[in-house]
1. Loop only per DSSP, at most 11 neighbouring Cβ atoms within 10 Å: give me the GluC sites (Glu not before Pro) in the range B:160-240, ordered by residue number.
2. Check B:V324: other-chain or 5+ apart residues with amide H under 5 Å from its amide H, H built from backbone geometry?
3. Which angle between 0 and 90 degrees, to the nearest 10, do you get for helix B:26-42 versus the longest principal axis of chain B when only C-alpha atoms count?
4. Report the gain in length on full extension from B:A352 to B:V256: 0.36 nm times residue separation, minus Cα-Cα distance, nm rounded to one decimal.
5. Between helix A:351-360 and chain A, what is the angle of the helix's C-alpha long axis to the longest principal axis, kept within 0 to 90° and rounded to the nearest 10?
6. Evaluate the range B:229-374: find the radius of gyration of its Cα atoms, find its Kirkwood radius, and give the ratio Rg to Rh.
7. Every other copy gets compared here: list the nm distances from the A:T63 label point (7 Å along Cα to Cβ) to its counterparts, shortest first, one decimal.
8. Among B:V99, A:V233, B:V169, A:V366, which comes first, then next, by fewest other beta-carbon atoms within 10 Å?
There are 2 protein chains.
Amino acid sequence: MTTELSVRERALAAREASRALATATRGVKDAALHAMADALAKAETAVLEANADDVARAETAGTHAGLVDRLRLTPTRVEQMVDGLRALAGLADPVGDVVRGWTTAQGVRIQQVRVPFSVVGIIYEARPNVTADAAGIALKSGNAVLLRGSSSAAASNAAVVEALRAGVVDAGLPADVVQLVPGPREVTAELMAARGLVDVLIPRGGADLIETVVRNSVVPVIETGVGNCHLYVDAGADLETATAILLNAKVQRPSVCNAVETLLVHADAAADFLPTALARLAEAGVVLHVDERTRPHAGDLATVAVTEQDWATEYHALEIAVGVVDDLDAAIDHIRRWSTGHSETIVTDSTAAAGRFTAEIDAAAVLVNASSRFVDGGEFGFGAEIGISTQKLHARGPMALPEMTSTKYVITGTGQTRA
Amino acid sequence: MTTELSVRERALAAREASRALATATRGVKDAALHAMADALAKAETAVLEANADDVARAETAGTHAGLVDRLRLTPTRVEQMVDGLRALAGLADPVGDVVRGWTTAQGVRIQQVRVPFSVVGIIYEARPNVTADAAGIALKSGNAVLLRGSSSAAASNAAVVEALRAGVVDAGLPADVVQLVPGPREVTAELMAARGLVDVLIPRGGADLIETVVRNSVVPVIETGVGNCHLYVDAGADLETATAILLNAKVQRPSVCNAVETLLVHADAAADFLPTALARLAEAGVVLHVDERTRPHAGDLATVAVTEQDWATEYHALEIAVGVVDDLDAAIDHIRRWSTGHSETIVTDSTAAAGRFTAEIDAAAVLVNASSRFVDGGEFGFGAEIGISTQKLHARGPMALPEMTSTKYVITGTGQTRA
């Protein structure tokens, strides 16, 4: 039995280890990512065995099948984790990027340069693949990482982290740049209190987890991912385009944060658009929560009366709330009231409506005539994603490697003093 | 007697008012800044009378003379506030700047565009000039502002805000884009709890105020300004350069956050550098807190033995802590232990030492052969400054208009859906 280290001890070890990582070249970091991938591949059996224990424990505890599925690792999922680490080695290094630079009238040179945060904490739920993904992204961006996974995945996470640390050491970096933070619930509270030791906390998981971290942490937090996303079909919009975008955004992968949860239709488009659109949704198995103005266009389709609660709900499932609005202003008002500021879409042929919608809707992403499913680090071409920020400070929208850094001003003179 | 509005009511009014401001053109915002300046100039007598009341109240209460001086407005100080508003009108508008943009393989156009936060809260201490400065910077960056000044400046702040609001209305914008938040201490707590209504809080003032806000706010905070800044003189440094930078950084304006508080000298430079440097500091009236290795170089000069507490102290006064270190590593270790991450300086002729110092010191600004007094929005050429951020999230170093904005992805397609 080893004695558990406190969060403070782990954070201090991470800070010390981060010194070597912060000044490591891209070559060293990429070699470490490949070594982590190699070590994880080699540890596949151990990882799967540990995971089988976690899964058995969850099943004995009567855990919901969906959660057990998220917890479960397979050879394919381990391979994806390994491939993800290798892919990170192929991405550009954000550290050292000169964001801007200039020379003052006195000849002092000023450069704003990207630097790592130093120590990043990730608090996440049952998916053990997050362990490898987050460790890889942190390492590539020059940050030591404290991984606080859920207790249900404790054995899996421990096996993954043991392999990753072995890889890190093989590459000549200190093992403590990657640390798991095990222990009881109070440990999460300690992590949220570790201001000055941990530079930023990123919660990844459901709305409750994120809310808890945001409300209780004195360490700065980057909030990710609750998406109550809307699609507004304007008068005069191309209705085939609108239907294609609606089905893609609702049906293609309903469990994700960039899926559409509410459809709003301009009153003038309702009669032409809704009968077909609702039928297509129903065919795809989508439950229709409709308002009174929508219901007459639903014909024989089964519908449920929409409630206030529906407007606020991120279904994460094959369900949608549907409403008819008088005009663009009413659509904007509805979205301002219920949006979580993730991704909001208009389908329109009007440049004026597109301009107003993109200017007046306050969200991480506003889309014109494209599916909200594009709001994703992969689709953006970022190559890696730690989450989608729905806050306005530091990073908003898909967060990739540059968003995992801070900046520093490097100022060089030849003896200048201020007048 | 008017009924006091709650913080929630004010924040909701600010959010509503911010809609007009967020989409206002630069022309409208600049006209508003000039109208605010005009209205403030016209209200000079009323502002000075209100300020005289605040000053009399402070003096009756036996307030420290330095604090009374910071509270006091003069015709010159009012003129500076007026000029500051007009100067903001001359600066570029950050809102609408395209930070980056690209087109995906499917032909979807993505642009990352600067947008206002919406509602910004400023919590500040007795200087009433902050009222006009902060309101101007918020307006120019498209944000509604909630100004929480100190009760000691209540009358002055009320008079200034009354004038500013009149100017805003003259320019056709809603008055509630600028609001004062008066009332008892609990009001500050309400402001710190207004998550979702207030997008960011910026405390401006002493370390205690900043610490209180950082620890208690669930609204995201941008931390400004505590500066325990170090100057390290390397072996082989040009000693005249080192002396000039030392005097400038310590003596020119000791009360500010970018002044130097600790001098560290390489052991090999001590005998040549310290006797003259210490004498020049003493001549300038600087109290010398020296370690045992420095003392032999002080000759007849009066010195005080340095304590651990001194290494941690931001004197804000003509005092300095002085230590001799074995080498660059020892200097870096000392700075890593005691720095508040504001501005750290090396004077050196060695490119290797300069490279290591700038890479390994974790601060908003690292300087080579230049005075830390340059770390300032004005000296950087920003034209306006809301404060100097010492945190790593969102903004680090001098914060100007772009740092008062967030971004939004505007995504435009022609009907694309995700495969």
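Bear in mind these aren't lab numbers, they're just calculated from the coordinates by the rules spelled out. Nothing here was measured: the structure is a model prediction, and the numbers come from that model. Positions of Cβ are generated from backbone atoms using ideal geometry, with glycine treated the same way; all protein chains shown enter the neighbour counts.
1. none
2. B:V265, B:D291, B:R293, B:T294
3. 80
4. Here the segment from B:A352 to B:V256 would lengthen by 31.5 nm.
5. 50
6. 0.91
7. Inter-copy label distances (nm, one decimal, shortest first): 5.9.
8. B:V99, B:V169, A:V366, A:V233
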